[in-house]
Structure formats: structure tokens, C-alpha cells
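Presented below is the structure to which this report refers.
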Amino acid sequence: MAINIPKIDISPLLDSHSSAQDKQRVATDLLDAFTRYGVFYITSPSHPLFQTASSEAILDATKSLFALDNAHKDTFPLIQPGGFTRGYVPIGGESGSKTRELKEGFSYGYEWGPGALDQQKARQGGRLNGLQGPNAWPSEEVLRELDNNKTPGAFKEALNGFYNHVCDVASALLTGISLAAGQPESTLAQYCGQSNTISFMRLFHYFPYVSTPGDTQHSATIGSSAHTDWGFLTLILSPCKTVGLQLYYEGEWHDVPSVDNTLIVNGGDFLSLLTGGKFISPLHRVVSNGEQERYSMCCFYYPDYDARIPRLVPESETRGQAAKASYSLLRDQRDSASPSPSSPSGATADGQELARKLLSGEINFGDYIVDKWTQVYRKGGSY
Ligand SMILES: O=C(O)CCC(=O)C(=O)O
Ligand SMILES: [Fe+2]
């Protein structure tokens, strides 16, 4: 069965002069998309993020980074355990399951100006939260090589410019999502004042692989294991016209094809929980056709570290939908975790307790998400 993933023009959310009706119209489309698949395309023809030049610039920069030879990659700062993710992600350096994920990545986020991190620290009583910190760029020498024949600083500018544009768009989406959840339009924005300082990008390079005959689950190797995203909103630029991202819907895997001048958006577990499961946190994975490489640029957009967001959709409206969802949030994704015998989706009693605490505000968003990133870190890795 073919599925038809919606494409939504979110321009009214990006224009401060739009009428309430225009914003409501987008919210209605968002509600339909979140409740049907949890995945959709967004566009806004006049915003720079959706121009061809923007995707070409970030794709070029991403390709040049991953095309560096091993001697250069040896010098990259690696992502570290502990939940704060910046730097190079080697093949096997992370996995959401016991399967080896055949991809390399580069993780970066907000670029603090000189002295800005110290100022932030002072504002927060002398400490940074667990998702704030400096980017881990390659060395100056490597950056010069990446600038190639272009102007000095072009590589970093391409990455930072893209991140800033994605954060702008994600923050505009908050208005539509609040309305879609039946709340006043400013509801979610109140919890996202610092989002751009803790959200981050993952640039991915997926290698082709061939799955063994009969291995319909691609269980031996995969681009990205089947998972739901733990967070709030994921925005993905998928510029390569090759098989890759797939969505699990009604018992089957479906391709989520690349569509020019759009970003793919999916809601995460936390957003789904806030809506009592009404907004789907979709199960997805990345696979290979065995031939082509694939590149993608994913923004994990978060509310503030200390956000404790009350339920957006009343329980009476959702009839226990969240209880049926197989969120990654409910699983222990450490390599050492034993499979949960009681639940095929791997949901544990600890996971259920975590969901309860998140909803009641006993724990904040940041502490939850830092623990999740810690669970998928894998020591070692290669290229
Ligand atoms: O690369 C993609 O298209 C999606 C990756 C993904 O699902 C993830 O990193 O959470
Ligand atoms: Fe994902």
C-alpha cells in the first residue's frame, strides 16, 4: 500500500503579518500530519532554508568533510560519552540497538562567540547545562583544506548558517504545533527561549551495504536502526535521490523519498507524550540499496534544558493512545541492556516510570535527553 506523506507550506508561520486564519490553516494541516504518520515535508518558498543554493551549500560542505582521508579523520575531535554530543561520530561509535550502524557523522550546534559561553555560565549561576558547550571543530589546518578554493571560513559558515536557518524554521513551527494541539499559539515558545543553544545538527554519511539474502530485517548491518526519536522535533534535509529513510506504517516499511526544497519533519517521543500519544512519534530507520551513498543533515530541535511542559492535549481526548506507542524512550538502549522479556517493543517498567515523571514535571527535559544520548554511545568505532 502506497502512502502519501503530506507536504505543508508553513509560510504563514514565518511571516509576522499573517492572519490568524492563515496560521490556523497550517495548524490544521500539521494536526492531520502528526496524527496520520507523524512525518511530513515542510517548505516555504521564500525562506532561504528552502532554496536550492542552501541545500547545495550544506551538501557540498558535508561531502567534503567526509571525503577527507583517514590521516585527517584521525585528527578530528570525537564525540564523547556523557550526553553532550559534538564532534566526529565514527562508524560504530553510536547505535540505538545491538546492530552496527554503517554511517559516520559530525555533530555540531550553536556557535558561541568569544566569551559568550562564560557569560552564559555566569547567567546560569556559574554552570553550563549538560547540553551546552563549545563545538568540536576539526583543526584550523583541516578547516583551511575544507574551505578549499572558496573564501576562508566558508566551511564553518555553511554549517553555522544552515543551523541558524533550521532553528528559525523550527521555532516558527512551534506556533503551528501549539495551535494544532488546541493551545494558544505562544504555548510552546515559552519553553523554547534557549532552544538554539542546546539543539544540534548531525551531518550523516551512510555507506552502501548489501543485506544478506533472507535478512528482511537488515539485522546484521543497517544505516540507522529502527527507532523513534526521543526528543521534540527532528528536521531532516535529505538531498540525495537514493533509498534511505523509511517509515514504519501499518505493518510495512515505506520509503520517505527526497523532495526538492523541503525538509522532512518528525515528532519525537517527548512531543508525542505531551499530546498523550495523539501526535505520533513514528518508527523509522535508514537502509541502503547496496549501491549509493547517502548524505543527510538532521537537526534535533529541543525545548529548554529545564523545560517541564504540561500536557498539551487532555487525557479525555486521547483514550490512552500513548500507552500503545513503542517509544524508544521506554527502552534501555545501552549495549549491556538485556532484552525485556515482558514486552516485544522492549518497553521496561523503568521506561514507563520515566514517561510518568516527564509528564508530571518531576524531571526536566534536559536530564532525560542527556541520559538517552549516554545510552547510545559506543566506545571505539572506526572509519
Ligand atoms: O538520516 C536520516 O534521514 C534520519 C536519521 C535518523 O533518523 C536519526 O538520526 O534519528
Ligand atoms: Fe531518527
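Laid out as a table, the results:
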read-out	value
Residues being touching a strand residue (DSSP E or B) at 6+ places or on another chain (Cβ under 9 Å), aliphatic (A, V, I, L, M) and more than 16 Å from Asp168 (Cβ to Cβ) - total across segment 45-66	3
Segment 1-42: number of residues that are in contact with a strand residue (DSSP E or B) (Cβ under 8 Å, 6 or more places away or on another chain) and crowded, with 18+ Cβ neighbours inside 10 Å	14
Filter pass, Ile264 being within 16 Å of ligand 1 (Cβ to nearest atom), assigned to a loop (DSSP other than H, G, I, E, B) and either under 18 Å from Ser178 (Cβ atoms) or of a type in the set (A, V, I, L, M, F, W, C) (or both)	no
Test result for Leu78, aliphatic (A, V, I, L, M), closer than 23 Å to Val259 by Cβ and either in contact (Cβ under 8 Å) with a residue 60 or more places away in the chain or touching a Gly at 6+ places or on another chain (Cβ under 6 Å) (or both)	no
Positions within segment 96-122 being of a type in the set (Ser, Thr, Tyr), crowded, with 19+ Cβ neighbours inside 10 Å and within 20 Å of Ser336 (Cα to Cα), in sequence order	Ser97
Contacts under 8 angstrom Cβ, first residue in segment 241-254 being part of a strand (DSSP E or B), partner away from ligand 1 (no atom under 11 Å from the Cβ) and hydrophobic (A, V, I, L, M, F, W, C), 6 or more apart	Gln246/Trp253; Leu247/Ile3; Leu247/Ile5; Leu247/Trp253; Tyr249/Ile3; Glu252/Met1; His254/Ala2; His254/Ile3
First in segment 1-19 and at pLDDT below 95, second anywhere and among the aromatic types (Phe, Trp, Tyr) and not in a helix (DSSP H, G or I), Cβ under 6 Å, 6 or more apart	Ile3/Tyr249
Residue within segment 75-95 that is among the small types (Gly, Ala, Ser) and surrounded by fewer than 17 Cβ atoms within 10 Å (Cβ to Cβ) present	yes
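Conditions (1) away from ligand 2 (no atom under 16 Å from the Cβ); (2) in contact with a strand residue (DSSP E or B) (Cβ under 8 Å, 6 or more places away or on another chain); (3) at positive phi, marked per residue:
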| site | (1), (2), (3) |
| --- | --- |
| Ser95 | no, yes, no |
| Glu111 | yes, no, no |
| Ala116 | yes, no, no |
| Arg127 | yes, no, no |
| Asn135 | yes, yes, no |
| Phe155 | yes, no, no |
| Gln183 | yes, no, no |
| Gln194 | yes, no, no |
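The values are calculated or read from the model by the stated rules, or taken from the named source; none is laboratory data. Bear in mind the structure is a predicted one, so any value in this text is a computation, not a measurement. Please note: Cβ atoms are built from the backbone with ideal geometry, for glycine as well, and neighbour counts cover all protein chains shown.
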